[in-house]
Amino acid sequence: MKKAVFIRPFSIGYVALIALAVVQTLLLNLHIYQNSGGTSREIGLGLMALVALGVGFLIPLGVSVVLVFVFVVAYFVWLTSYGPIDLLGVSWVLLVPADLLVAGLLGRGLVRIRRLIERLDALQSLNPEVDLTTNLGNRLALQDTLIKQSNLARRYSDRYGFCLMLFKIDFLPSVQEALGSRRYSAFLVDLSAIIQKQIRFEDYKFSIEGGQFVVICPMTQPDDLQMLKDRIKQAIMDHRVESPGGQRVNFVVRAGGLVFREEQFSKYGDANDVVAALVRNSETDLIGEYI
């Protein structure tokens with residue numbers, strides 16, 4: 001995203017500046033060819049145009065507009081009083097202001113883009129990320145959701161609770177080697193879609209490293225968690241995935257679950273500890289408390 005936001009305005013401004021420089025060079029060469037030589041006027045205005053390109057980046061756009069107005073008025077007064085009226089003489093009244101304004105607009109655009117990128121980076125560090133393709137949150141989003149859910153469950157302990165599930169692809173290196181990077185990425189997208197079909201709209205799902213998926217189910221009874229976990233696991237295992245050679249790749253999924261317990265409230269603030277507890281439960285395919 002950063003590259004797309006930055007490159008396009010910069011490219012447009014760069015092309016505009018090069019086009020102006022080419023036009024100036026062509027006109028100057030044409031004048032020199034027609035008159036068999038140059039004058040101090042051409043040299044001075046050419047230097048002024050180059051200075052305008054540099055100054056336009058540094059000064060505010062409002063100052064550039066004022067300088068353009070002053071230059072146009074002064075140049076027309078000089079041109080009608082002393083300067084020769086020819087193609088090159090009339091062209092400078094447009095080219096020098098154009099250099100200044102284009103450079104100012106480009107510089108202002110780059111400043112805005114830089115500030116926008118900085119703000120997006122700041123928001124990215126504050127807000128959890130959700131992948132648009134898989135609709136999966138990352139570990140940061142898991143941490144944020146865990147804190148919110150545990151606070152709700154503790155505040156309304158008599159009416160609110162939540163459960164967690166983890167689905168882990170076993171023997172992951174073998175699966176990655178058999179599928180390759182592209183098919184493995186598509187495989188994760190398919191697993192996300194399978195999980196989404198089995199859970200409710202208000203449930204949360206997250207993808208963390210190591211082929212692991214975490215699902216948070218608010219207002220789910222502990223008695224229903226085992227049935228839901230088994231159903232999702234079976235749906236994942238029924239999914240057919242093939243290697244680049246067309247052969248079916250067999251994989252194993254382990255599942256574990258946790259039920260929120262108010263007396264262990266402080267332990268749910270760390271996503272790493274929660275995931276570790278889920279992984280321990282997945283080794284025996286059971287549902288337990290935090291410890």
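The values are calculated or read from the model by the stated rules, or taken from the named source; none is laboratory data. Treat the numbers as computed from the prediction; the structure is a model and nothing was measured. Ideal geometry is used to build each Cβ from the backbone, glycine not excepted, and the neighbour counts take in all protein chains shown.
The table that follows gives values for the structure above.
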quantity	calculated
Qualifying residues in the stretch 150-185 (those that are of a type in the set (Gly, Ala, Ser) and not in a helix (DSSP H, G or I)) - the one nearest to the chain's Cα centre (by Cα)	Gly161
Residue among Leu258, Leu179, Leu191, Leu228 that is over 25 Å from Ala141 (Cα atoms) and surrounded by 15 or more Cβ atoms within 10 Å (Cβ to Cβ)	Leu179
Subset of the stretch 196-228 [in contact with an Asp or Glu (Cβ under 9 Å, 6 or more places away or on another chain) and modelled with pLDDT of 90 or more]	Val215, Ile216, Cys217, Pro218
Single residue of Val241, Val214, Val249 found to be touching a residue at least 24 places away in the same chain (Cβ under 8 Å), under 21 Å from Glu283 (Cα atoms) and of a type in the set (Val, Ile, Thr)	Val214
Filter result for the condition that a residue is of a type in the set (A, V, I, L, M, F, W, C) and at pLDDT 75 or above, over Val23, Val65, Val90	Val65
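Yes/no per residue for (1) surrounded by fewer than 16 Cβ atoms within 10 Å (Cβ to Cβ); (2) part of a helix (DSSP H, G or I); (3) modelled with pLDDT under 75:
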{"site": "Ala74", "(1), (2), (3)": "yes, yes, no"}
{"site": "Pro84", "(1), (2), (3)": "yes, no, yes"}
{"site": "Val96", "(1), (2), (3)": "no, yes, no"}
{"site": "Leu101", "(1), (2), (3)": "no, yes, no"}
{"site": "Gly107", "(1), (2), (3)": "no, yes, yes"}
{"site": "Arg114", "(1), (2), (3)": "yes, yes, yes"}
{"site": "Asp121", "(1), (2), (3)": "yes, yes, yes"}
{"site": "Lys148", "(1), (2), (3)": "yes, yes, no"}
